[in-house]
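Heads up: the structure comes next, in structure tokens.
We did not get these values from a lab; they are worked out from the coordinates using the rules stated. A quick note: this is a predicted structure, and the numbers were derived from the prediction, not measured. Heads up, the Cβs are rebuilt from the backbone with ideal geometry, glycines too, and the neighbour counts pull from every protein chain shown.
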Amino acid sequence: MRRRPRCGSRGAADERAGPPPERTLPLGGTARRAKGAPVTRLNLLLLVVLLASSIYLVRVSYDAHHLYGELDRARSQQRQFETEYGRLQAERQSQAAPARVEKTARDKLRMVQATPAIMKQVTVTADASRTSTAVDARFAASQGQR
């Protein structure tokens, strides 16, 4: 029985066979130390991909920073609008207070409180124009007293 040489050691038969066979690369090329063209192409391709991805990463990082700034400004503006809305709500409630409405009606519109002295029940008859004239005269007289 013949002994096989151990791995890594070269026997006399191996030395006579010549140089070791070429290895094949995963992309279909062969590794040759003399020329080195396929390995260089692969390295260049990987370098181009690396540069493109790093430029894209910088661009995305810049866009994210820019968008975060816009978001911060929008939130600040939202807080300002909410503050102004609360102030306007309070102002609207104070404007609609019954005492303020009554004061505005008296001062600007010259309206008076309805009292039994100036109120008169009017019945509509065929002679309605004469009755409404009498009511208008009485109202004008009550305005002159104030």
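Site pair residue 82 and residue 106 shows an inter-label distance of 4.1 nm when each label is modelled 7 Å from Cα along Cα→Cβ.
Modelled spin labels at residue 118 and residue 66, positioned 7 Å past Cα toward Cβ, are 6.8 nm from each other. Between residue 126 and residue 89, the contour length at 0.36 nm per residue exceeds the alpha carbon distance by 8.2 nm.
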